[in-house]
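Inspection log for the structure reproduced underneath, given as structure tokens.
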């Protein structure tokens, strides 16, 4: 059996995507926790360009960038495919995954790290971005259809970290009224055993992100 | 190919549309090209790419695909001859990595060198040179990023050979340093001269003038 190792931190949502993917496919792997304030030689060696987690080590190869790792995992272990078969559907999934990382995540982070009027404007933007994903869910249980797929994994952080951010920053972005489908999806997704079992401690995350927000607002 | 309708919404000076033209040409796919007037986007473009409202958009049998790198993957999966991406999952991951690196690191740095002045400009140019030097490491000793023939990363990065040269001339910065990045410099020459790619490249004088005009507007706004 080929060796699979995942370099991650306890708190970052990006390595979680890979945890979910590997577990959904039943791939055994070893976890190596990194302290980003003290990066290991292994991390620096295997991701010299970005020096970030996650890193997947497999057969002596290092694969980096979470969405790229997801594609690698999907191509290497064929059980429970994450991406659909049809090229057009695959293109659509890739489109939304990129959209989530390029637009949705930054706009939610923006709202989280601001206050007052700036926060309000950030929330408006975040909601505009999320509207497209709300549309995309029409008639579907998951973005992937009946099962968790690529886009579900890409957006999954929203169902836990998103609500955390809302609580800490005193804001509400994903309201049931404006986002009935996303809200329902969030509950369904968070209830999937593999997802439920792998969230980091809520209290620890709250403490961490509260501290981050406080220090950003001080600047 | 008979029975298939392939349309590309593009803009003559867009490097991202150029990527798709290259891929379509390499795969010998017949398509209808629609030139968008970007200050005046067509209802068609807005309908086919409502999220980003930008070119390129590939429309295949009436179904749109947006975002140039995603379009490249779509083309490769739909028309299987003359493959653009390698077969092996790890090599594919590396190709995707470098294409992403180009868009997330090289492009913004070059753009920043183009739109800024003084110290900001020099700082951006330095970052761009560093990023390009990093990109060079992916070439190894090969003729192309794809090996013996043009592949995904060549298609993704080739345009820099034109645009960066324009930026160098217009903004008076050094980006592609022949001394510190000789392999990348040689590759730029090679990729833009490659048979199929060469035909699709926009006229150089026209491109330079176009970008010069852009520069005037951008720097007037920032001064």
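The values are calculated or read from the model by the stated rules, or taken from the named source; none is laboratory data. Please read these numbers as outputs of a predicted model, since none were measured by experiment. Here the Cβ positions follow ideal geometry from the backbone for every residue, glycine too, while neighbour counts run over all protein chains shown.
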Problem set entry | Output for region A:160-194, where each listed residue is out of contact with any helix residue (DSSP H, G or I) (no Cβ under 6 Å at 6 or more places or on another chain) and more than 20 Å from residue A:119 (Cβ to Cβ) | A:160, A:180, A:183, A:184, A:185, A:187, A:188, A:191, A:192, A:193
Seminar exercise, completed: The correct count of residues that are assigned to a loop (DSSP other than H, G, I, E, B) and in contact (Cβ under 8 Å) with a residue 12 or more places away in the chain in region A:184-216 is 4
Exercise. When you go through (1) more than 10 Å from every other protein chain (Cβ to nearest Cβ); (2) buried (at least 20 other Cβ atoms within 10 Å of the Cβ) one by one for residue B:4, which number turns out not to apply?
Worked result: (2)
Exercise. If we keep just the residues of region A:107-135 that are surrounded by fewer than 19 Cβ atoms within 10 Å (Cβ to Cβ) and within 11 Å of chain B (Cβ to nearest Cβ), which is nearest to residue B:56 (Cα to Cα)?
Worked result: A:132
Exercise. Could we say that residue B:142 is outside any loop (DSSP other than H, G, I, E, B) and free of Cβ contacts under 8 Å to residues at least 24 places away in the same chain here?
Worked result: no
Problem set entry | residue A:181 being part of a helix (DSSP H, G or I) and within 21 Å of residue A:122 (Cβ to Cβ) | no
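This table checks each residue for (1) within 12 Å of another protein chain (Cβ to nearest Cβ); (2) at positive phi.
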{"site": "B:50", "(1), (2)": "yes, no"}
{"site": "B:54", "(1), (2)": "no, no"}
{"site": "B:62", "(1), (2)": "yes, yes"}
{"site": "B:72", "(1), (2)": "yes, no"}
{"site": "B:78", "(1), (2)": "yes, no"}
{"site": "B:84", "(1), (2)": "no, no"}
{"site": "B:87", "(1), (2)": "yes, no"}
{"site": "B:132", "(1), (2)": "no, no"}
{"site": "B:139", "(1), (2)": "no, no"}
Exercise. In the list A:94, A:17, which residue meets the criterion of being more than 14 Å from chain B (Cβ to nearest Cβ) and touching a residue at least 24 places away in the same chain (Cβ under 8 Å)?
Worked result: A:17
For this session: Mind telling me which of the residues A:104, A:148 ends up being touching a residue at least 60 places away in the same chain (Cβ under 8 Å), buried (at least 21 other Cβ atoms within 10 Å of the Cβ) and closer than 28 Å to residue B:71 by Cα?
Result: A:148
Exercise. Mind checking whether some residue in region B:99-109 is facing another protein chain (nearest Cβ under 8 Å) and at pLDDT 95 or above?
Worked result: yes
Exercise. Looking at B:167, B:196, B:150, which is the one that is touching a strand residue (DSSP E or B) at 6+ places or on another chain (Cβ under 8 Å) and either crowded, with 18+ Cβ neighbours inside 10 Å or modelled with pLDDT under 95 (or both)?
Worked result: B:150
Problem set entry | Index of the failed condition, residue A:26 passing every other in (1) on the phi > 0 side of the Ramachandran plot; (2) within 13 Å of another protein chain (Cβ to nearest Cβ) | (2)
For this session: Would you point out the residue of region A:30-44, among those that are over 21 Å from the mean Cα position of the chain (by Cα) and surrounded by 12 or more Cβ atoms within 10 Å (Cβ to Cβ), that is farthest from the other protein chains (Cβ to nearest Cβ)?
Result: A:40
For this session: Output the residues belonging to region A:89-118 that are farther than 25 Å from residue A:19 by Cα and out of contact with any helix residue (DSSP H, G or I) (no Cβ under 7 Å at 6 or more places or on another chain).
Result: A:116, A:117, A:118
